[in-house]
1. Which listed residue (PHE220, ASN175, GLY245) has the Cα farthest towards the positive end of the charge dipole for region 160-265, taking +1 on Lys and Arg C-beta and -1 on Asp and Glu C-beta about the Cα centre?
2. Would you mind checking which residues have amide H under 5 Å from GLY179's amide H? H placed 1.01 Å from N; only 5 or more apart, or other chain.
3. Would you please give the residues with an amide H less than 5 Å from that of ALA258, counting only those at least 5 places away or on a separate chain, with H modeled from the backbone geometry?
4. Could you sort the peptides 280-286, 35-41, 115-121 by per-residue average Cβ neighbour count (10 Å cutoff), highest mean leading?
5. Determine, for each peptide in 19-31, 207-219, the mean count of other beta carbons within 10 angstrom over its residues, then list the peptides with the highest first.
6. If amide hydrogens are placed 1.01 Å from N in the peptide plane, which non-local residues have theirs closer than 5 Å to the one on LEU331?
7. Compute the length gained on full extension between LYS105 and ALA239: take 0.36 nm times their separation in residues and subtract their Cα-Cα distance, giving the result in nm to one decimal.
8. Between their Cα atoms, which of LYS203/LYS238; LYS41/LYS138; LYS41/LYS234; LYS203/LYS234; LYS2/LYS35; LYS28/LYS138 are more than 20 Å away from each other?
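Just so it is clear, none of the values below were taken in a lab; they were calculated from the coordinates. Every value quoted in this text rests on a predicted model; they were computed, and no experiment measured them. Cβ sites come from the backbone with ideal geometry, for glycine too, and all protein chains shown count toward neighbours.
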Amino acid sequence: MKNLELIDRYFQNDLSPSELADFNEALKNDVDFNKEFQELKEIRLATKANAQNDLSNFLNALERDIQKEEESTLTKHTMKKYVSIAACVVLIAAVSFFTITQNSKPTGSEIFSEYYTSYDNLAGQVRGATTIETLSAKAYGAYDAGNYILAAENFESLVAEDKSATNYFYMGLSNIENGDFESAVTNLNVVVNNFSDLSAQAKWYMSLALIANGAEEEAFGNLAGLTLENSAYKEKAKAILKSLGAFANDLDGGVIVAVEQRPKEEEAAPSGASLDFEGRRQYQFGTVVSETTGIKYRFFTDDPIDELEEGAEVEMIVLRQNKNRGFAYILGRR
């Protein structure tokens, strides 16, 4: 019962930061708890789909009844039925209005549950006798078997020997399946910053991991970028932004008034190794002011723009949340 209550609070986005950290740790290290979580997640998705289907069937039936009555004489009996149908419609509208006003913005957990689907292993089975081939076979074999805890551990060993987009990508997916969203973001970020392969896929799953972890605004940049690409995630990215109340406006020009980047250059590893593969997320954030309205907007990107500095003129898209509040997606310098 304790696990059920904890998982339910997770889906309600009701866990404190420390509780969420403990929750993710349990998903990573407790196989039984992870299995229970995955089962409940599937039940939740199925229940939601059934409810939507039932409501759709009910409304379709009402529409058919009304059409039939319109073709017959309006007797007292017919009028009585119209009143009954109208009462049902008003009741549904009232309930819908109450639901929307009380919960107009879905939680991160709800968005994640609605849009997340597991990604099949497209890399194929790897067999061989070399160290890399052996590690690869173990990692992808565990992923295919659904043992994501073991898969994440094996991928960690594998990327130490073979730093490829595919290996980092599937390590990030394994992290997501384990509920370790912070590690997922870091590993998927490596794909976005260092490879052209699997870039759209990495942005999509990184966005979902950020949203599930309560970092919605950090996901805006990746989602906005996907809406401009011809990928399988374009329409889904638009739908999520809309559900979060972020509507894209026309192209605008702006001037950077503040910008920071992590990790900083002076934070290079003691070994002197490149920052690209230090297992740290690379990101850029700051403030930009619109040249047309004078309104300031925050921006954040997991794909830092080279030589972006204060005073730089940029092209951007504003994801407006209300008249004076929004988030900018920087397209690049002008």
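1. GLY245
2. Amide H neighbours of GLY179, under 5 Å, 5+ apart: none.
3. Residues meeting the criterion, in which the H sits 1.01 Å from N, are THR287.
4. Packing order, densest peptide first, comes out as 280-286, 35-41, 115-121.
5. Descending packing order for the listed peptides: 207-219, 19-31.
6. It is GLU315, MET316, ILE317, by chain and number.
7. Between LYS105 and ALA239, full extension yields an extra 47.0 nm.
8. Beyond 20 Å: LYS41/LYS138; LYS41/LYS234.
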